[in-house]
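Here the structure comes first, spelled out in structure tokens, and everything after it is commentary.
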Amino acid sequence: MKATHKETVAPAPVAAILDNYRSDNPGTRANLYRILMSGRLGGTGKLVILPVDQGFEHGPGRSFAVNPAGYDPEYHAQLALDAGCNAYAAPYGFIQHVAHEYAGRLPLILKLNSHDSLVSEKDPIPAQTASVKDALRLGCVGIGFTIYPGSSEWRSMYEQLRGLAEEAREAGLAVIVWSYPRGTALSKEGETAIDVAAYAAQIAAQMGAHIIKVKLPSAHLEKAEAKKVYESKNVPIASAADRVRHVVQSAFDGKRIVIFSGGSKQADDVVFEEVRAIRDGGGFGSIIGRNSFQRPHDEAVKFLHTIMDIYAGKID
Amino acid sequence: MKATHKETVAPAPVAAILDNYRSDNPGTRANLYRILMSGRLGGTGKLVILPVDQGFEHGPGRSFAVNPAGYDPEYHAQLALDAGCNAYAAPYGFIQHVAHEYAGRLPLILKLNSHDSLVSEKDPIPAQTASVKDALRLGCVGIGFTIYPGSSEWRSMYEQLRGLAEEAREAGLAVIVWSYPRGTALSKEGETAIDVAAYAAQIAAQMGAHIIKVKLPSAHLEKAEAKKVYESKNVPIASAADRVRHVVQSAFDGKRIVIFSGGSKQADDVVFEEVRAIRDGGGFGSIIGRNSFQRPHDEAVKFLHTIMDIYAGKID
Amino acid sequence: MKATHKETVAPAPVAAILDNYRSDNPGTRANLYRILMSGRLGGTGKLVILPVDQGFEHGPGRSFAVNPAGYDPEYHAQLALDAGCNAYAAPYGFIQHVAHEYAGRLPLILKLNSHDSLVSEKDPIPAQTASVKDALRLGCVGIGFTIYPGSSEWRSMYEQLRGLAEEAREAGLAVIVWSYPRGTALSKEGETAIDVAAYAAQIAAQMGAHIIKVKLPSAHLEKAEAKKVYESKNVPIASAADRVRHVVQSAFDGKRIVIFSGGSKQADDVVFEEVRAIRDGGGFGSIIGRNSFQRPHDEAVKFLHTIMDIYAGKID
Amino acid sequence: MKATHKETVAPAPVAAILDNYRSDNPGTRANLYRILMSGRLGGTGKLVILPVDQGFEHGPGRSFAVNPAGYDPEYHAQLALDAGCNAYAAPYGFIQHVAHEYAGRLPLILKLNSHDSLVSEKDPIPAQTASVKDALRLGCVGIGFTIYPGSSEWRSMYEQLRGLAEEAREAGLAVIVWSYPRGTALSKEGETAIDVAAYAAQIAAQMGAHIIKVKLPSAHLEKAEAKKVYESKNVPIASAADRVRHVVQSAFDGKRIVIFSGGSKQADDVVFEEVRAIRDGGGFGSIIGRNSFQRPHDEAVKFLHTIMDIYAGKID
Amino acid sequence: MKATHKETVAPAPVAAILDNYRSDNPGTRANLYRILMSGRLGGTGKLVILPVDQGFEHGPGRSFAVNPAGYDPEYHAQLALDAGCNAYAAPYGFIQHVAHEYAGRLPLILKLNSHDSLVSEKDPIPAQTASVKDALRLGCVGIGFTIYPGSSEWRSMYEQLRGLAEEAREAGLAVIVWSYPRGTALSKEGETAIDVAAYAAQIAAQMGAHIIKVKLPSAHLEKAEAKKVYESKNVPIASAADRVRHVVQSAFDGKRIVIFSGGSKQADDVVFEEVRAIRDGGGFGSIIGRNSFQRPHDEAVKFLHTIMDIYAGKID
């Protein structure tokens, strides 16, 4: 069979994903394409992204003392390249430092807001620390933005996201939303409850996120009204793969890219198990920071390759 | 008798309604015309609109688990088309996803603000989640905006609406206002009291709404000063039709389109009874979400057709 | 004696008033001229204005049930024309509905802010509900704006007024300020105290109001520091006419147009007595809402004509 | 000796002062020149300014009942001309009313913010009541702005001043700052303490004020850290002249024009004694409101002439 | 060996530093070059900057009475020139006064925000007192901005910095950030804790600062999560030089210029000892205010020369 024109444009899994973004303009679609076609998973429709915002979020010593090479912003961009990640996400300073050499070679995602941990807030809201104009000047493929659904400051975050997302879309950038439930409206357990995680994914999708990052949820059900429906309708949430499936379903029935975050450093087996659940539940991939850059370089590359191979179906 | 030029422009009921919008510019009148001429009720001067903002307002599982087809944004736009609704209203993500195919075929209303239910506020105010520019880019006929008269945050909402409505009017869009009394200034019963509902309609009309959505009110009278007048003047509020009539009167003596919302899922008979009251009281139609999309597709179409037939006078 | 050119431009009382606005631009002077030359009192230097903002401020039933013709926005504009009022003032919805036919025939004043009575605030501040651009598009002669001196929110109101008044002046519109003392800084009696009313007029004049609307004050003295001066200097405040004279004096020694509001519906004799006091104290006229539109049409016309005749000196 | 070109441009004392403003643009220098060359003290390097903001700040009756001619805004502009003041400062309404005739003949300073005394605040902040654009349109030489260092609202005032001062400088206007310490951070005595007054002058100078108005300070030392230094370094603050000298020193070592306010109406001898202290301490002049306009016209002129003669060295 | 073209462009230490700013535009790089090439340390890659913001921050008497020459803004600019400092930093008034003569001859840094000490706040935030436009008009090489990480007002400061830094970069100015941990989230000891100082440097770097000013930290560890890592990883923090090294490492592994402040006036030996620690730990220099301008001129020059000689390796 002869290849059609369409087939030459993008591998089938990527074309299928892009088809869900057909109301977006060519600029944004081009940047989604760049992310989906980069790195070792390029063309598979799966993604592994390296995010390094812990210097800002947790402090430099706490983040990098374990592997001091990480104090240097170039280390991370090079690690992302070496491991074949689809993209690299970080705050302004880290991205700005490496953009001169890495923009173009590596899809860069500029995180536009950050929260340090000197002040701890029960109802947190990050500060905007970079702009869409910055992302354009630095050759990025997209912007990153964190919202904390459940915080009493939800409105300010959503409205800030709305404005920046509109500006980003007009400039042909992709919008990546970190949707992390948090705040006094939620119990500690509720922050990762399945109903809440699904809700967080839905909100990000409704706000116009092209890629949604959530935490791998637990089987806990937080909100009474939701619990009633989940139980009466027997929504399957017993296994991690079930829960991934429900979150993906909650992001427009799988029509938005949903990736899952790795959390703090864990044993390899635990991580690989989670990756299999994401794969089995129809998730689009992982975004893995501390589990990557807090290891020695070569170990990190090997670790990320294993994850990518699970997604690619090369290993089980 | 030969048809006059005017008669060829719009059916009489539509022409009569548009005559009440003669201070509006041709762009806005064109979009009101599109809404009034679309679907099964097109040309009758009556409307049934499908709104689907529950994914954002109540969460995805709670809204769509009962009819999982609804996780997919395309389901709702197609349902609105299949049932012959006059328009379809939803938040940014849902509208953006379907605009590529549905804009033009189906009048789209972009809801510009939303409130999730992770945080519950006694004096609520939604977040702005989309813009007038979005509505234009996505080929919508109008914008939707929710205000909560009675909330201590009333001023912020009214001023946000004012700015967006001005921008929408200048762009030739229609302005649809969800006017839902709520907040610590009102008792629970007061949220649907007839004096409060009439007041909510008046406020929306004074703010420049072209179409006003309120809840079907009860016979309760909430505010002492109003109660005194309603009782001394014997304002008829005993039947549901009486109350619809009073709300319509309160929206510039019937010179603004007032439609009534369906609320949570109810038995068919109850809904049909309400529709008859709306019709008999001179209401312009219904806006029905959960009662539609939480049923299986074909049942929903049949259910909506029955409602439309009551409005059209085809059945009683 | 031959008429001079100046005499042909404007009747003497109007020319004398306009002479106090000589730092204003021709556009604003033209609109003040239109107000002063319209209706039955045109050319006399006296004014009676019909304001209908009660639908928004008090609710539709409470305002219009007594004379249901008033639910219809056209009723009021026509009443203002029929009675020969100098101008008609109302919020956006009411003005927008009638502007298509009445702009030009009847001087329209667009009220730019409003406060509903669903929420009651001890230190009130209205919401901005229309813009200067709206006033221009709708063919209005001026904007109306309410401030509540004495409210802890005074600063926000004054600053909002400042911006809108500047914009209005640049566009050649007249600025009409409703200056109603209210808030926790004042006793209930203090809201209409003569020192407070005079202060409210001064503030409006200093903020750049062309026409100032205050309530008819009582002989009460509210503020200790003021009381000391009023008493030691024997400022005459015993009669209603005395108090009108002092308020007018406090508005730049009579160089700003000050009109007085009618308050809730009262017996005709009481109103006429007040009008005589305004006339005798050198006030410029009345602004009468509920006492007009809450009567049957013809009775209202007759009632307003009597008031105008008192101002015109046709009857005593 | 032949006059040099420079000597013909400005009298030596004025040239010396202008030399301290050499980083300013020609427009601002021209307006400082106008102020310094106007009136009876023109060319001496000393100033007496008439400010009339009490109608807004204290109310009309309390301010003008003692000399009712003052209700009329023209009275004050004419008084400033008759007495030969260097400039006249007032809020929008008063300036706007007289600008038509007085702009050009009399340097006008538009006060851009005001605070009424209906509401009393422990940590006060005025409302902005006029704009730089107003000052330009009305032919003013400068803007006036009040800050209350020590108020918890300090930041808002400083930032508002910053923006307006920048706009004024760009338009070639002079910036006159009323720097009045006030607020819960200060004791009552501390509001006029010498360390606080000197600090207030420094802040105004650092913010870019061209002319600084402070109150004549007492010998009290308010802040512990400052007290320690004043006492250990024996900063001379015993006499009024000493304190004036220290305040002037604190305004860039005498390189900014500092003038002192008169306060409430006082016996002539007290005022003249203060003026001598200002002169002896190297102050640049006075700004005298109530002590001027609360006297009969001719008495006020004579009173102001005596003050000017003390500054000019004509009498002791 | 023949000099290459590159070597003629900048001395090696300066070229090496500029290489870390290669994502910056030529305008910003030019201004960093000017700072690094000015004064006695020009070309060495080390800096000593004279900052004088104490008139605003602590008051004039408290700051200048000990050396009254300092009341005059010209004194400081001349002192910076006489001592051969790399740059001079001050608030608007001080910079504006000297810019006419000193801009060009001396790199000027305009501090854009300041906090007076009349009001004391537990969670402080300065007021913006100058603009990027001011910095350009006055011929400055960069802007200065203070943030207080740890203050509950952190978000407002970071967002204000973000906007101003973006504007400054676009205009080719350098961004110098004073990063001073302070606020209720920190113990008194924690304000200078090593983990907190390192975090403060990281935040400034991530926000885009080109030069970062921090206080010399103590060996205290403030935050429990950080303490755990510092201790388990044996991060060396015992000596002052160790701590400087860790702070420099925390500013992108030495790829951002970090300088250390002097604090209140101290004995010479103590200061010189600190300077040696900064040098030995790889710090880029000092920013020394009170220890300079509170001494007599010639003594200050000699004192600063000694510090510079330590940095230049001329003395130990």
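The values are calculated or read from the model by the stated rules, or taken from the named source; none is laboratory data. Small disclaimer: the values here were computed from a predicted structure and weren't measured. Cβ atoms come from the backbone with ideal geometry, glycine included; neighbour counts cover every protein chain shown. To get the accessible areas, we keep the full protein, side chains included, count just its heavy atoms, and leave off ligands, DNA and RNA. Shrake-Rupley method; radii C 1.70, N 1.55, O 1.52, S 1.80 Å.
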Average beta-carbon neighbours from other chains, 10 Å sphere, peptide C:153-163: 5
To the nearest hundred square angstrom, how large is the accessible surface buried between E and A, total for both chains, probe 1.4 angstrom? 3600 Å²
Where Rh denotes the Kirkwood radius from the mean inverse Cα pair distance, what is Rg over Rh for the protein assembly as shown? 1.00
Averaged across the residues of C:241-250, what count of C-beta atoms belonging to other chains lies within 10 Å of each residue's C-beta? 2
Using the Kirkwood formula on the Cα atoms of the range E:45-121, what hydrodynamic radius do you get, in angstrom to one decimal? 12.9 Å
State the residue of chain A whose Cβ is nearest the axis carrying A onto C, and the distance in whole angstrom. A:S156, 10
Using the Kirkwood radius built from alpha carbon pairs, what does the Stokes-Einstein equation give as D for the range A:145-184 at 4 °C and 1.567 mPa s, in µm² per second? 123 µm²/s
Environment charge at A:A205 (Cβ cut-off 9 Å; Lys +1, Arg +1, Asp -1, Glu -1): +2
Ordering B:155-165, E:207-217, C:59-69 by per-residue average of other C-beta atoms within 10 angstrom, highest first, gives E:207-217, C:59-69, B:155-165
Among D:V229, D:V301, D:V132, determine the one that fluctuates most according to a GNM of chain D built with springs between C-alpha atoms less than 10 Å apart. D:V229
Apply the a/c threshold of 1.5 to the C-alpha gyration tensor of the range C:199-277 and tell me whether it is rounded, prolate or oblate. oblate
Given an 8 Å cut-off on Cα distances and at least 6 residues of separation, report the relative contact order of chain E as a percent. 17 percent
Could you tell me whether the range C:12-71 comes out rounded, prolate or oblate from its Cα gyration tensor? Rule is a ≥ b ≥ c as square roots of the eigenvalues, rounded for a/c under 1.5, then prolate if a/b exceeds b/c, otherwise oblate. prolate
List, shortest first and in nm to one decimal, how far the label point of B:N25 (7 Å from Cα along Cα→Cβ) is from its counterparts in the other copies. 2.2, 2.2, 3.5, 3.5
Got a number for carbon plus sulfur as a percent of the range A:256-316's accessible area, 1.4 Å probe? 48 percent
What one gets for chain C as the Kirkwood radius, inverse of mean 1/r over different Cα pairs in Å, is 19.6 Å
Cross-link reach list, aspartates and glutamates versus B:K188, counting only Cα pairs under 12 Å and skipping chain neighbours closer than eight places: B:E222
Taking a label point 7 Å out from Cα toward Cβ, give me the nm distances from C:P11 to the same spot in the other copies, shortest first, one decimal. 5.4, 5.5, 8.8, 8.8
Once Lys and Arg get +1 and Asp and Glu get -1 on their Cβ, which of B:S239, B:H305, B:Q249 lies farthest toward the positive end of the dipole of the range B:228-316? B:Q249
Ranked by accessible surface with a 1.4 Å probe, highest first, in what order do D:V98, B:V270 come? B:V270, D:V98
Can you compute the modelled spin-label distance between B:T184 and D:S120, with each label point 7 Å from Cα toward Cβ, in nm? 2.9 nm
Output the direction-averaged projected area (hull surface divided by four) of the convex hull of the alpha-carbon atoms of the range E:220-316, in nm². 7.0 nm²
Given H placed 1.01 Å from N in the peptide plane, which residues other than close sequence neighbours of A:N113 have an amide H under 5 Å from its amide H? A:T129, A:T146
Which semi-axis lengths, in whole Å and largest first, follow from the square roots of five times the eigenvalues of the Cα gyration tensor of the range A:98-158? 28, 12, 9
With N set to the number of residues, divide the alpha-carbon radius of gyration of the range E:1-139 by 2.2 N^0.38 Å and report two decimals. 1.21
Taking the Cα centre of the range D:1-96 as origin, sum charge times position over the Cβ atoms of Lys and Arg (+1) and Asp and Glu (-1), and report the length of that vector in debye to the nearest 20. 440 debye
Using Cα centres only, tell me the gap between the range A:203-264 and the range E:59-117 in whole Å. 58 Å
Of all DSSP beta bridges in chain A, what percent run antiparallel (nearest 5)? 5 percent
per DSSP, antiparallel bridges as share of beta bridges in the protein assembly as shown, % nearest 5, sits at 5 percent
Please list B:117-125, A:277-285, E:249-257, B:101-109 highest first by mean number of surrounding beta-carbon atoms within 10 Å per residue. E:249-257, A:277-285, B:101-109, B:117-125
With the charge dipole of the range B:1-157 built from beta-carbon charges (+1 for Lys and Arg, -1 for Asp and Glu) about the Cα centre, the Cα from B:G42, B:Y71, B:P126 projecting farthest to the positive end belongs to B:G42
Average other protein chain Cβ within 10 Å of Cβ, residues E:48-61: 5
Please report, in debye to the nearest 20, how large the charge dipole of the range D:253-316 is about its Cα centre when each Lys and Arg carries +1 at its beta carbon and each Asp and Glu carries -1 there. 280 debye
About its Cα centre, how strong a charge dipole does the protein assembly as shown have in debye, to the nearest 20, once Lys and Arg get +1 and Asp and Glu get -1 at the Cβ? 1960 debye
